[in-house]
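Have a look at the structure below, then the notes.
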Amino acid sequence: MMVERDVLSRRAILRVLTLFLARPAGVLALIGRPVVARAQGEGRCAATQADLEGPFHVPGAPSRIAIAPPEEPGDRLIIRGRVLGPDCATPLAGAVLDVWQADAQGSYHGPAEQYRLRGRLQTNPEGRYELFTIKPGAYRIGDRFRPAHIHMIVTHRPHAPLTTQLYFEGDPYLAPNDACGAACKSDDFGRIIGLRKEEKMGGEFWAGMFDIVLGQPGT
Ligand SMILES: [Fe+2]
């Protein structure tokens with residue numbers, strides 16, 4: 001399936017939005033200002049920081065830009081962004097984002113549930129991607145919680161592959177309160193995004209921007 005050709009076409013977006021917005025948004029857990037996690041930060045260019053892969057990655061997830069079907073409980077969420085080369089400017093077409101996350105209650109699912117909340121998507125010729133999902137829930141490790149997050153492995157040869165996690169502004173479990181401790185880096189401002197509310201086709205959802213910069217080969 002030629003997902004890269006399909007990812008940002010108007011028809012594809014309308015089709016996904018129709019499915020995505022079929023379920024009304026529930027009580028929204030995060031209220032964030034429209035902040036974009038910029039690859040270049042304040043004039044600085046650096047590769048996006050890696051983070052712990054964790055134990056829940058499953059290879060073989062299907063190619064799709066909507067990893068949450070309409071019946072998936074939770075607040076609708078769209079993440080948009082670009083995958084860029086080490087210069088923070090060159091768009092990387094055909095980069096693959098292998099994405100997985102917990103459900104709204106903080107539980108992971110797998111192949112037996114049609115790879116629920118998992119998927120692989122590719123950037124378009126401008127290096128852009130769009131991910132349609134729900135906001136993940138925090139989950140407990142011992143007597144503490146991990147902040148809400150989305151895992152991803154980003155690949156584009158010959159650049160260095162990136163395994164990382166995306167976080168959300170205002171989450172009370174971000175580091176130093178993260179149950180993951182020093183193994184995770186949830187205090188990296190470059191991977192903590194703000195969300196803003198959008199309305200389309202009679203529905204509402206939260207939206208955020210996340211640009212990803214890959215490192216030089218071999219880094
Ligand atoms: Fe996780």
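The values are calculated or read from the model by the stated rules, or taken from the named source; none is laboratory data. Owing to the predicted nature of the structure, the values given are computational and were not obtained by experimental measurement. A quick note on method: Cβ atoms are made from the backbone with ideal geometry, for glycine too, and the neighbour counts reach across all protein chains shown.
With respect to the conditions (1) within 16 Å of residue 193 (Cβ to Cβ); (2) hydrophobic (A, V, I, L, M, F, W, C); (3) without any contact (Cβ under 8 Å) to a residue 12 or more places away in the chain, residue 112 lacks only one, and its number is (1).
One line per residue, one yes/no per condition, for (1) out of contact with any Lys or Arg (no Cβ under 7 Å at 6 or more places or on another chain); (2) more than 20 Å from residue 139 (Cα to Cα):
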site: 68; (1), (2): yes, no
site: 75; (1), (2): no, no
site: 83; (1), (2): yes, yes
site: 112; (1), (2): yes, yes
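Would you check if there is a residue in segment 164-173 being over 16 Å from residue 50 (Cα atoms) and free of Cβ contacts under 8 Å to residues at least 40 places away in the same chain? Checked segment 164-173: at least one residue is over 16 Å from residue 50 (Cα atoms) and free of Cβ contacts under 8 Å to residues at least 40 places away in the same chain. Within segment 95-106, residues that are in contact (Cβ under 8 Å) with a residue 24 or more places away in the chain have Cβ atoms under 7 Å from residues that are β-branched (Val, Ile, Thr) and within 12 Å of the ligand (Cβ to nearest atom) in these pairs: 99/150; 101/150, counting only partners at least 6 apart in sequence or on another chain. The condition of being over 14 Å from residue 100 (Cβ atoms), modelled with pLDDT under 95, of a type in the set (Gly, Ala, Ser) and within 16 Å of the ligand (Cβ to nearest atom) holds for only one of 175, 183, that being 183. Of all residues in segment 121-155, those being under 14 Å from the mean Cα position of the chain (by Cα), within 16 Å of the ligand (Cβ to nearest atom) and charged (D, E, K, R) number 1. Does residue 126 satisfy the criteria of being under 19 Å from residue 84 (Cα atoms), surrounded by fewer than 22 Cβ atoms within 10 Å (Cβ to Cβ), among the acidic types (Asp, Glu) and modelled with pLDDT of 95 or more? Considered against the rule, which asks whether it is under 19 Å from residue 84 (Cα atoms), surrounded by fewer than 22 Cβ atoms within 10 Å (Cβ to Cβ), among the acidic types (Asp, Glu) and modelled with pLDDT of 95 or more, residue 126 comes out as yes.
Just one of (1) in contact with a strand residue (DSSP E or B) (Cβ under 7 Å, 6 or more places away or on another chain); (2) at pLDDT below 95 fails for residue 133. It is (2).
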